[in-house]
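Here is the structure we will look at.
The values are calculated or read from the model by the stated rules, or taken from the named source; none is laboratory data. Everything numeric in this text was worked out from a predicted model, so none of it was measured. Cβ atoms come from the backbone with ideal geometry, glycine included; neighbour counts cover every protein chain shown. We work out accessible area using only protein heavy atoms, side chains counted, and drop any ligands, DNA or RNA first. Shrake-Rupley method; radii C 1.70, N 1.55, O 1.52, S 1.80 Å.
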Amino acid sequence: MIILVLIIVFIGIIALETPVMLKNRQWRELAAFGVLMLGAMVLTFAQVLGLPLPNPTSGIEMIFSPVADMIKNILS
Amino acid sequence: MLKKWKNIIKKVFAKPRNESQAIGGGESKEPVAVSLESNIKHLKAVFDRCTDVIFREFEAAIGGGVKTAMIYIDGLVNKEMLTDDLVKALMYDVSGINSSAPVSDPAGYLSRSIIAFTEVKVHDNMMDVVHSLLSGETVLFVDGVSKAFTLSTQDWVQRAVTEPATENVVRGPREGFTENLQTNYTLIRRRIKSSRLKFETMKIGAVTKTAVSVGYIEGIVNNKIVDEVKSRLQRIDTDGILESGYIEEYIEDAPMTVFPTVQATERPDKVAGGLLEGQVAILVDTTPFVLLVPVTFPQLLQASEDYYLRWPFASFIRFIRFVTLNIALLAPPLYIAITTYHQEMLPTPLLISIAAAREGVPFPAFVEALLMETTFEVLREAGVRLPKAVGQAVSIVGALVIGDAAVSAGLVSPAMVIVVALTAISSFSLPSYFGAFSLRILRFPLMALAAALGLFGVMAGLLALLIHLCSLRSFGVPYIAPLAPTSWRDLKDMFFRMPWWSMFTRPRMTGHKEPARQDYMQKPRPPRRRPGGKSGQ
Amino acid sequence: MKKEIIAVILVLSVLLFPGCWSRREVEDLAIVTAIGIDRMVLGGQEKPKLTVLVARPSQLGGQQANTSAETNADWLVSEVGDTLYDAERKLYRRSPRILRIYHNEMVIIGEDSARNGVQDVFDFLQRHKDIRLRTWMFVSRGDASETMKVMPELENMLSQEISEILVKSMPGTSETLAVDLRRFSEALVTPGWDAVLPVIRTIEPREPKGTKRGEKEAGQTIMLDGLALFHNNRLAGLMPPEEVTGFLYIIGKTQSGTVVLEHKTESGSISRITVLMSRASGEIKPVFREGSLEMEIKIDAEADVVEVQGDAAVGSPDVIRDLNREFSQKVKSIAEKSLDTAQKKYKTDIFGFGKTVHQKYPDYWREIEQEWSEIYPEVPVTVKVDAKIRRTSVIADPFQIR
Amino acid sequence: MKKDEKVSSTQMIFLLVTTITVTGFLFVPSITAQYASRDGWISVGLAATLFGILVALVYTRLGLYFPEKSVVEYAPEIIGKFGGRLIGLLYIFFFIHINAIIVREFGDFLVTAFLPETPLPVFNTVVVLLAAFVVSNGMEVLCRMNQFLFPLFVAAFVFIVFLLTEDVNFGNFLPLMENGIKPVIRGSLVPGAWRGEIVLILMFLPFMNQPREAGKTLVGAVLLIGFFLTLTTATSIAVFGPLLTQNMVFPILELARYVSLGRFLERLEAVVIIVWVAGVTVKVAAFYLAAVLGTAQWLNIKDYRPLVYPVGLIILVYSMALFENSRELVDFLATVFVPYAYLFELGIPMGLLAVALVRYRGGRKQ
């Protein structure tokens, strides 16, 4: 059900955006749009289907938590 | 594929129109013939089966009797004037000049000496003749003269200048525009006696040839806006313009919005005021509604009366108007949102009495509101369409009866009736009838949003509305102009109406070419010494 | 522009499509106006009991409001659960409408429950989204559920009756303190400050009760009766109304209320003079005297004479001067009495002495914070009162009846 | 790129103030009170403002080397193609990530405090859609919309604070700095990171009609933000005391609920919610616009409009996937967010500025 809705939404967005770009012959824009849209669709389906998503927050936590701990130690 | 579709659409809708065909054959630039007969024949062919075109042939008492013909359209001309000033003059030669003497330049002689009309034009091709005839002038052919004289004899049945129907005032002029363009010019010109007030006229509509006039005050108005208006008007290519509403839809900036980006008014004083602030007026023949551009949303909330009342009252009224604007738009959605989602916001006793009133009402609040709002809109529409005398009575009685009966039957709760009544009265209090339209429409989606997501939905709807309003422009001017982008000095004439002597400048957006409206330091002050005071010497 | 329209339609459809999650029509709500919290032992296990008063809209407001005594204007219902929230949800089993407690005006904690500690109650009240910090708090003598059975006299609903007594009438006597959840919570969590709550109880009035004045029916009515003193999170003791006045003097919350002075006139007879408080303020100041901590309390009070029994010539400034002295003496004794009850008898720091020490001497406070509850009862307190009589109402000396 | 869109410095101040205050006033008082207790207002008011002014000066100095360009465009010019483009990419990532966090905050708050039965995706979708609507209309519309809303925010805010004056207890501020300066500084880190969100100016500077005024604009914005956040923190400490404040998730909401004017004007939390919804839409739109603009500039394409919806979808997905529960979010904000934000708000711009100072010592060749 939700997947159907999503597919409709995606088709809607693509149908809305591409004609303008095609008409104005903005190939670079079209390529950027295509890549980003593809990425967005993959992410959305992954999220909806409960597949693991690459989560930047955990990476950030890994990098920065030593710094955070250091700050905590200095200031307490 | 897109192109293909475009072509198909073009073929279907844009069939090539032949103007000469549309007007009836008189379009060929055929010169006026020397022979009277052939001229009449030509015109008779053009006006085939037009019973209201009158051909009158007679002999003029000049040059020993010349055959002449007078052609006019019955009902568009003043017949008395024709008889007295044209027919009599020609037939009896009232001028007393030697009538039998030969004339070397009959055309010049006629227009100079005989025809006692203020405005006489001489044409030498048939197309112009046909056009003049259609706009109410009388055509005079003289045998042997390859020229046609057109006399401005226009005089058709017209409405007198009356009080405008849509914008009433208590204080202020009672005149409203009429259907006659000339009268409308007069009404404006009477207010602005300046040579800088310009009117540029063009004919729009292949069949109707409606006169459309662009008025502005040179020096105050931003020339770019005038050029933009003119070019947009020239782009219009259609059969007919019957009302300024046609023009409005062809020239507005945002065709897909519910907000009017062109202001229509019946009041000459409003137009004059707009012109003085750098707006451009578009006058259309045959309608009393004059368009003003560019217009901003706050201007739709201003009545011309605001400027005639003393400023504290005017400011107070404006404040009330902002309140009613919000009520008209938001009362039903907020009622729905609060009673179905956020009951905690109501004071306890009020919540309990609403709950008591709603006990036994079968519908959810949203359906109830929808029912009442629709009923109300229907009643209002009925009230407008019915004859004036019956209309008001019917709508009031209808509202009362339906409201009362619905409550006692338990279909709706009394609280809802109060909300709907409040909304209705508030939407009537807005000065711009056409601006109030948009609120009436927008209320329904907001109600739906309120029913779906409560206050959050209302807020989301309002934000979408705000974004939309911010993105609108009217002839290059941001639609909510003095608010955002903020112009502090223009805010003087926004929520408040500051005293006249403090509004030194014209609005920044339209009148920046000549910003100063008046001199500073005009605030009335009491004289230093009172004339009758004892302290005086 | 086309895009905008599509976007608007998208928003609308997204919203309307599933829609209406939290929607409740008003007539489907059970509006809770008061909550009572008790503790009971059920099957050898201690369980909380939640009692609520629900307003009956059809009996209040609306057009056909017939408040005939046949049905109460509010509905009393209680349920026992494993926890308080559990009990609240169990109430759903008996309520045809959904319980909503955001209009709740008061929470009444049963005496037993209060004596056992309010830690769990406190979390329930704080975490519950719908309970506001401006909710009046009470401790009831006996069980809250019993207290809440009382029929109101003047108002339609019991909750209204109680809150009106608390907010509108009681300031006229200065014998109780209106405490909302915020003040209660702040006092509970702040070190060096103990909480108080007004006590609510039922009494059997001597007046006939109910609608039929002629036949005396047995009945009960509600009254506010002093304060409940907490120590940490437990109810430590009750303070009678007369002493509450002293407590209010010290914390500077006195609003009105009478003080009766005894004055010996020149003729030797004793007059009883009633004065009505018009303004009072109190200040608590910790000081170090010879290295040890002492509390200084300074009370300023102003009052008007409202009644003279006897022949004291209150019109004379000299008499007033004497009266001022007696007035100060009296205020001081009232204050000391309540100090005595709180500090010596129940050992609870309801005045926030610890808090003032913390604010003024943070370093010293850090040393003694752990032992404060032992130090507190022994802290010497000096009360200084500056009380003045300002007016004698609309007559001066009492009339001489001959 | 639509750089012909120009906004005035007042509009920029309003935009920055709304952007930062709107989430700040919800989360900052509680997080600050956890570290600095009753001295939270000093943390927010003085320490964080000083930090804000520092970063403002850095941005101004840096931005004025290239008043027509954004950081994504000029970073390669300063430190070379590869490093510059990497920095650009990092900023795009930062904007998208922060935006996802904001959207998550928005949804979490509404679910917690407002419509608990409504699923989170609904709120997130609505706000992202509204923001997409704004972004596709461009910078001018964003600023205009905010300019319209800003007085309403201030009015609502002042209204709530004003109605609470009766309940304010200044004794709650005593004793000042009981445990020395350290907790105060610790408490200032999070509000400082919030203040640093004026990093948006690195993207928006080219839109200013008078870039020379950027310095004044930024400092003005920082001071105004400081005023609002300090007032919020101070009010909630003065009304509830530090101990209640630090246990509350949203002290400002409790403040609004606590307002009572004559027992009939009560339960004003809806005011907070309305302000919050409008403000967050502005904030999300601002970061969204920065992200989309950055992406367009990085990919060197002229019209950013086609990127609006894909980027919005990514933001939406991550707003739901980033955190498991509401406490994870607050914990992230209180700890890891600080160094993470400081890197982008202070670290990278400082580095760029240092290189620029050395390279363009004699003035930049135009």
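Which of the following residues is open to solvent by 10 Å² or more (accessible area, probe 1.4 Å), closer than 24 Å to C:Gly226 by Cβ and either within 14 Å of another protein chain (Cβ to nearest Cβ) or not in a helix (DSSP H, G or I) (or both): C:Gln160, C:Gln126?
On the way: C:Gln126 fails: closer than 24 Å to C:Gly226 by Cβ.
Step by step, each of C:Gln160, C:Gln126 is checked, and only C:Gln160 is open to solvent by 10 Å² or more (accessible area, probe 1.4 Å), closer than 24 Å to C:Gly226 by Cβ and either within 14 Å of another protein chain (Cβ to nearest Cβ) or not in a helix (DSSP H, G or I) (or both).
Take region B:450-475 and flag every residue that is over 24 Å from D:Pro121 (Cβ atoms), part of a helix (DSSP H, G or I) and within 11 Å of chain C (Cβ to nearest Cβ).
Selection gives B:His468, B:Ser471.
Looking at region D:185-193, is at least one residue more than 14 Å from every other protein chain (Cβ to nearest Cβ) and either open to solvent by less than 10 Å² (accessible area, probe 1.4 Å) or touching an Asp or Glu at 6+ places or on another chain (Cβ under 9 Å) (or both)? Break it down into steps so the answer makes sense when it comes.
So in region D:185-193, the residues more than 14 Å from every other protein chain (Cβ to nearest Cβ) come out as D:191.
From the residues that got through so far, the ones that are either open to solvent by less than 10 Å² (accessible area, probe 1.4 Å) or touching an Asp or Glu at 6+ places or on another chain (Cβ under 9 Å) (or both) too are D:191.
Yes, that holds for at least one residue.
For residues in region D:327-362 being among the hydroxyl-bearing types (Ser, Thr, Tyr) and within 14 Å of chain A (Cβ to nearest Cβ), which is farthest from D:Phe51 (Cα to Cα)? Lay out the reasoning, then the answer.
Applying the first criterion (among the hydroxyl-bearing types (Ser, Thr, Tyr)) to region D:327-362 yields D:335, D:340, D:342, D:360.
After this cut, where a residue has to be within 14 Å of chain A (Cβ to nearest Cβ) as well, the list is D:335, D:340, D:342.
Numbers: D:Thr335: 18, D:Tyr340: 16, D:Tyr342: 10 Å.
Among them, the one singled out is D:Thr335.
Give the residues of region A:7-18 that are free of Cβ contacts under 8 Å to residues at least 12 places away in the same chain and within 11 Å of chain D (Cβ to nearest Cβ), sorted by residue number.
Looking only at region A:7-18, we keep the residues that are free of Cβ contacts under 8 Å to residues at least 12 places away in the same chain, and these are A:7-9, A:11-12, A:15-16.
A:Val9, A:Gly12, A:Leu16 - these are the residues of region A:7-18 that are free of Cβ contacts under 8 Å to residues at least 12 places away in the same chain and within 11 Å of chain D (Cβ to nearest Cβ).
Which residues, counting only those in region B:329-341, are farther than 17 Å from B:Gly403 by Cβ and either more than 9 Å from chain C (Cβ to nearest Cβ) or crowded, with 23+ Cβ neighbours inside 10 Å (or both)?
Pass one, region B:329-341, residues farther than 17 Å from B:Gly403 by Cβ: B:329-330, B:333-334, B:336-341.
Listed by number, the residues that qualify are B:Leu329, B:Leu330, B:Pro333, B:Leu334, B:Ile336, B:Ala337, B:Ile338, B:Thr339, B:Tyr341.
Please work out which one of (1) part of a loop (DSSP other than H, G, I, E, B); (2) within 14 Å of chain B (Cβ to nearest Cβ); (3) of a type in the set (A, V, I, L, M, F, W, C) is the condition C:Leu177 fails and give its number.
Answer for C:Leu177: the failing condition is (2).
One line per residue, one yes/no per condition, for (1) more than 7 Å from every other protein chain (Cβ to nearest Cβ); (2) surrounded by 15 or more Cβ atoms within 10 Å (Cβ to Cβ); (3) closer than 24 Å to B:Ile354 by Cβ; (4) modelled with pLDDT under 85:
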position: C:Gly44; (1), (2), (3), (4): yes, no, no, yes
position: C:Leu53; (1), (2), (3), (4): yes, yes, yes, no
position: C:Leu60; (1), (2), (3), (4): no, yes, yes, yes
position: C:Asn72; (1), (2), (3), (4): yes, yes, yes, yes
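Would you mention how many residues in region C:355-395 are exposed (fewer than 12 other Cβ atoms within 10 Å of the Cβ) and either free of Cβ contacts under 8 Å to residues at least 12 places away in the same chain or closer than 22 Å to C:Met277 by Cβ (or both)? Please lay out each step first, then the result.
So the first thing to find is which residues in region C:355-395 are exposed (fewer than 12 other Cβ atoms within 10 Å of the Cβ), and the list is C:363, C:367, C:370-371, C:374, C:378, C:380, C:394-395.
If we keep only those that are either free of Cβ contacts under 8 Å to residues at least 12 places away in the same chain or closer than 22 Å to C:Met277 by Cβ (or both) as well, we get C:363, C:367, C:370-371, C:374, C:378, C:394-395.
Adding up the residues that qualify gives 8.
Looking for something facing chain D (nearest Cβ under 9 Å), touching a residue at least 12 places away in the same chain (Cβ under 8 Å), assigned to a helix (DSSP H, G or I) and closer than 19 Å to D:Asp303 by Cα - is there at least one such residue anywhere in region A:40-51?
no
Quick one: count up the residues across region C:244-257 that are outside any loop (DSSP other than H, G, I, E, B) and either hydrophobic (A, V, I, L, M, F, W, C) or surrounded by fewer than 22 Cβ atoms within 10 Å (Cβ to Cβ) (or both). Give the derivation first.
So in region C:244-257, the residues outside any loop (DSSP other than H, G, I, E, B) come out as C:244-251.
So of that shortlist, the ones also either hydrophobic (A, V, I, L, M, F, W, C) or surrounded by fewer than 22 Cβ atoms within 10 Å (Cβ to Cβ) (or both) come out as C:244, C:247-248, C:250-251.
Count: 5.
State all residues of region D:223-258 that are polar (S, T, N, Q) and under 13 Å from D:Val28 (Cβ atoms); if no residue qualifies, say none.
Result: D:Thr230, D:Thr232, D:Thr233, D:Thr235, D:Ser236, D:Thr245, D:Gln246.
Which residue, of D:Leu255, D:Leu218, D:Leu265, is more than 10 Å from every other protein chain (Cβ to nearest Cβ), touching a residue at least 60 places away in the same chain (Cβ under 8 Å) and either open to solvent by 10 Å² or more (accessible area, probe 1.4 Å) or touching a helix residue (DSSP H, G or I) at 6+ places or on another chain (Cβ under 7 Å) (or both)?
Result: D:Leu218 is the single residue among D:Leu255, D:Leu218, D:Leu265 that is more than 10 Å from every other protein chain (Cβ to nearest Cβ), touching a residue at least 60 places away in the same chain (Cβ under 8 Å) and either open to solvent by 10 Å² or more (accessible area, probe 1.4 Å) or touching a helix residue (DSSP H, G or I) at 6+ places or on another chain (Cβ under 7 Å) (or both).
Given the options C:Lys330, C:Lys345, name the one that is surrounded by 15 or more Cβ atoms within 10 Å (Cβ to Cβ) and either out of contact with any Phe, Trp or Tyr (no Cβ under 7 Å at 6 or more places or on another chain) or within 14 Å of another protein chain (Cβ to nearest Cβ) (or both). Don't jump to the end; show me each part of the working.
On the way: C:Lys345 fails: surrounded by 15 or more Cβ atoms within 10 Å (Cβ to Cβ).
Answer to the check: C:Lys330.
Among B:Leu411, B:Leu351, B:Leu430, which is closer than 30 Å to C:Leu99 by Cα and either of a type in the set (S, T, N, Q) or surrounded by 18 or more Cβ atoms within 10 Å (Cβ to Cβ) (or both)?
Going through B:Leu411, B:Leu351, B:Leu430 in turn, the sole match is B:Leu351.
Can you tell me which residue is farthest from the other protein chains (Cβ to nearest Cβ) among those in region B:245-269 that are surrounded by 19 or more Cβ atoms within 10 Å (Cβ to Cβ) and of a type in the set (Ser, Thr, Tyr)?
By that ranking, first place goes to B:Thr265.
Filter region D:306-337 down to residues that are buried (at least 20 other Cβ atoms within 10 Å of the Cβ), touching a residue at least 12 places away in the same chain (Cβ under 8 Å) and hydroxyl-bearing (Ser, Thr, Tyr) and give me whichever is nearest to A:Leu38 (Cα to Cα).
That would be D:Tyr309.
Just checking, which of B:Arg196, B:Arg235 is touching a strand residue (DSSP E or B) at 6+ places or on another chain (Cβ under 7 Å) and open to solvent by 60 Å² or more (accessible area, probe 1.4 Å)?
Numbers: B:Arg235 fails: touching a strand residue (DSSP E or B) at 6+ places or on another chain (Cβ under 7 Å).
Checking each option against the conditions leaves just B:Arg196.
Tell me which of these B:Val139 doesn't satisfy, since it passes every other one: (1) touching a His at 6+ places or on another chain (Cβ under 9 Å); (2) outside the structural domain of B:Lys67 (by TED's automatic domain parsing); (3) not small (Gly, Ala, Ser).
Condition (2) is where B:Val139 drops out.
Hey, any hits in region C:214-226 for a residue that's part of a loop (DSSP other than H, G, I, E, B) and at pLDDT 85 or above? Walk me through how you get there before you give the answer.
Filtering region C:214-226 for residues part of a loop (DSSP other than H, G, I, E, B) gives C:214-220.
The next check asks that each one be at pLDDT 85 or above; those that pass are none.
Scanning region C:214-226 turns up no residue that is part of a loop (DSSP other than H, G, I, E, B) and at pLDDT 85 or above.
Quick check on region B:174-192. Is at least one of its residues surrounded by fewer than 17 Cβ atoms within 10 Å (Cβ to Cβ), of a type in the set (A, V, I, L, M, F, W, C) and within 21 Å of B:Glu119 (Cα to Cα)?
Taking every residue of region B:174-192 in turn, none turns out to be surrounded by fewer than 17 Cβ atoms within 10 Å (Cβ to Cβ), of a type in the set (A, V, I, L, M, F, W, C) and within 21 Å of B:Glu119 (Cα to Cα).
Would you point out the residue of region C:180-192, among those that are assigned to a loop (DSSP other than H, G, I, E, B) and open to solvent by less than 30 Å² (accessible area, probe 1.4 Å), that is modelled with the lowest pLDDT? Steps first, answer last, please.
Initially, region C:180-192 is screened for residues assigned to a loop (DSSP other than H, G, I, E, B), giving C:190-192.
Filter again for open to solvent by less than 30 Å² (accessible area, probe 1.4 Å), leaving C:190, C:192.
Details: C:Thr190: 87, C:Gly192: 84.
Of everything passing the filter in region C:180-192, C:Gly192 is modelled with the lowest pLDDT.
Considering each of D:Leu353, D:Leu346, D:Leu357, D:Leu299 in turn, give the residue that is in contact with a Gly (Cβ under 7 Å, 6 or more places away or on another chain), surrounded by fewer than 20 Cβ atoms within 10 Å (Cβ to Cβ) and either of a type outside the set (Val, Ile, Thr) or under 29 Å from A:Gln47 (Cβ atoms) (or both).
Working: D:Leu353 fails: in contact with a Gly (Cβ under 7 Å, 6 or more places away or on another chain); D:Leu357 fails: in contact with a Gly (Cβ under 7 Å, 6 or more places away or on another chain); D:Leu299 fails: in contact with a Gly (Cβ under 7 Å, 6 or more places away or on another chain).
D:Leu346 is the lone residue from the list that is in contact with a Gly (Cβ under 7 Å, 6 or more places away or on another chain), surrounded by fewer than 20 Cβ atoms within 10 Å (Cβ to Cβ) and either of a type outside the set (Val, Ile, Thr) or under 29 Å from A:Gln47 (Cβ atoms) (or both).
Residues that are more than 14 Å from chain C (Cβ to nearest Cβ) and more than 29 Å from the chain's Cα centre (by Cα): does region B:308-317 have at least one? Show your work before the answer.
At the first step, the residues of region B:308-317 found to be more than 14 Å from chain C (Cβ to nearest Cβ) are B:308-317.
Imposing the further condition that a residue be more than 29 Å from the chain's Cα centre (by Cα) reduces the set to B:312.
Within region B:308-317 (the criterion being more than 14 Å from chain C (Cβ to nearest Cβ) and more than 29 Å from the chain's Cα centre (by Cα)), the answer is yes, since at least one residue qualifies.
For region A:59-76, which residues satisfy the criterion of being assigned to a helix (DSSP H, G or I) and open to solvent by 60 Å² or more (accessible area, probe 1.4 Å)? Talk me through it step by step, then tell me what you get.
We begin by selecting, within region A:59-76, every residue assigned to a helix (DSSP H, G or I); these are A:59-74.
Result: A:Glu61, A:Met62, A:Ile63, A:Pro66, A:Asp69, A:Met70, A:Lys72, A:Asn73, A:Ile74.
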